[in-house]
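> First the structure, which I've put down as structure tokens, then a few questions once you've had a look.
The values are calculated or read from the model by the stated rules, or taken from the named source; none is laboratory data. All values derive from a computational prediction rather than experimental measurement. Cβ sites come from the backbone with ideal geometry, for glycine too, and all protein chains shown count toward neighbours. The protein model used for the area step is the full one, side chains on, heavy atoms only, and it has no ligands, DNA or RNA in it. Shrake-Rupley method; radii C 1.70, N 1.55, O 1.52, S 1.80 Å.
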Amino acid sequence: MNSVLKLENVSLDIKRDSILNDISIEMETGKIYGLIGRNGAGKTSILSLIASFRKPTKGSVTIDGMDPYENENLMSKVTFLYEVDYSDEYDTAEKMFKAAKRYKEAFDMDYAFSLMEAFGAPTDMALHKMSKGQQAAVNAAIGLASNSAVTIFDEVTNGMDAPSREYFYRQVLAAKEKRPRIFILSTHIVSEMDYLFDEVIIVHHGIVKLQEPLDVLLERGFRVSGQEEKVAEFTAGKELLSTERLGPIRSDMVLGGLSEEELGEIDRLYLDISTVKLQDLFIRLTEDKEGVE
């Protein structure tokens with residue numbers, strides 16, 4: 001079943017603090033969404049609303065037009081995994097999988113066990129005795145094996161080594177193809193995960209700064225490099241995100257597209273043009289300081 005998840009004009013206040021301010025997001029089955037933002041931007045608050053941990057102060061959160069808050073039928077279709085302190089958890093991964101199976105009708109027990117084997121993590125050891133990487137593997141396995149219509153991973157790879165993270169990324173892609181769902185990945189390792197994203201949602205100071213397909217977002221910026229005076233001539237009047245200098249060479253990151261005329265100008269001035277990575281765009285688009293240098 002294809003699902004549509006919507007947050008419409010949502011605000012969230014906690015005590016006297018405004019955490020989210022009039023945000024709107026729409027997600028659909030079959031896509032992986034990268035939710036990125038600096039610490040304290042409001043990412044986890046958005047995820048907690050989707051997972052029905054909180055109710056918005058204003059606005060609405062719906063899945064297929066229905067409010068998931070305290071909705072038993074919908075709550076079982078959302079799985080939210082995040083980094084947890086398991087220092088007092090005496091259950092094993094196997095027991096946690098069995099518990100997940102009781103509440104998630106589509107949970108695939110065999111897949112969960114095969115994931116743990118591939119991660120090199122035990123299923124019969126109490127979680128408090130596991131390493132951080134093994135504990136992260138348990139969370140990853142629960143989320144992937146849940147087959148939930150909405151599957152959320154909030155920094156779930158924390159503690160994993162590089163091979164384990166790469167294996168997890170491959171499994172997310174495979175799970176998306178095998179049983180399409182809405183995947184939401186919230187992470188600070190943007191440079192490592194960006195290739196997974198179909199769409200990117202950037203949150204900054206409690207607002208959604210943008211939601212765009214990854215390829216469209218990356219077309220919004222470029223880097224031009226060359227002799228100082230020629231780069232300055234070309235980028236004059238354009239929206240600069242940053243300027244770097246190395247001796248007589250200047251490199252400007254620019255927000256905006258390039259016309260055929262501008263491409264010709266780049267050739268005339270003997271400048272080099274290159275694409276901008278998502279992490280670079282994210283950093284610059286969420287800077288609060290004045291200026292670009």
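> Which listed residue (243, 191, 173) has the Cα farthest towards the positive end of the charge dipole for the stretch 162-246, taking +1 on Lys and Arg C-beta and -1 on Asp and Glu C-beta about the Cα centre?
The Cα lying farthest towards the positive end belongs to 173.
> Follow-up question, since we're still on this one. What full-extension length gain, to one decimal in nm, is calculated for residue 161 and residue 260 as 0.36 nm per residue of separation minus the Cα-Cα distance?
31.2 nm
> Over the stretch 140-293, with the other protein chains present, what is the accessible area per residue in square angstrom, probe 1.4 angstrom?
Here the per-residue accessible area is 47 Å².
> Follow-up question, since we're still on this one. So which trypsin sites (Lys or Arg not before Pro) in the stretch 213-293 pass both tests, a DSSP loop state and at most 10 other Cβ atoms within 10 Å of the Cβ?
Here the sparse-neighbourhood loop sites are 289.
> Hey, rough spin-label estimate for residue 73 and residue 60, points 7 angstrom out along Cα→Cβ, what's it come to in nanometres?
With each label point 7 Å from Cα toward Cβ, the separation is 1.6 nm.
> Give me the extension gain from residue 216 to residue 8: residue separation times 0.36 nm, minus the current Cα-Cα distance, reported in nm with one decimal.
72.6 nm
> OK, next. Shape of the stretch 63-202 from its Cα gyration tensor (a ≥ b ≥ c, root eigenvalues): rounded if a/c is under 1.5, otherwise prolate when a/b > b/c, or oblate?
In terms of gyration-tensor shape, oblate.
> Right, something else. What helices does the chain hold that run 20 Å or longer along their axis, going by alpha-carbon atoms, with a Kyte-Doolittle average of 0.0 or more, using DSSP H for the helix calls?
Passing helices, by number: 132-146.
> Give, as a single signed number, the net charge of other residues whose beta carbon lies under 12 Å from the beta carbon of residue 141, with Lys and Arg counted +1 and Asp and Glu -1.
Within the 12 Å Cβ shell, the charges total -4.
> Using modelled amide H (1.01 Å from N, peptide plane; none on Pro or chain starts), what sits under 5 Å from the amide H of residue 204, excluding residues fewer than 5 places away?
Amide H to amide H, under 5 Å and 5 or more residues apart or across chains, residue 204 pairs with 209.
> Suppose a student asked you for the relative contact order of the stretch 111-219, using Cα pairs under 8 Å spaced at least 6 residues apart; what percent would you report?
This gives 20 percent for the stretch 111-219.
> Counting alpha carbon pairs within less than 8 Å and at least 6 residues apart, what relative contact order, in whole percent, applies to the stretch 28-148?
25 percent.
> What does the net charge come to around residue 81 if you take all other residues with beta carbon closer than 15 Å to its beta carbon, with K and R at +1 and D and E at -1?
+1
> Can you pull the percent of the chain's accessible area that's carbon plus sulfur, 1.4 Å probe, other chains left in place?
48 percent
> If I ignore ligands, DNA and RNA and count only protein heavy atoms, how much of residue 164 is accessible to a 1.4 Å probe, in Å² to the nearest 10?
20 Å²
> If DNA, RNA and ligands are ignored and the probe is 1.4 Å, what is the ranking of 128, 204 by accessible area, most exposed first?
Largest accessible area first, the residues go 128, 204.
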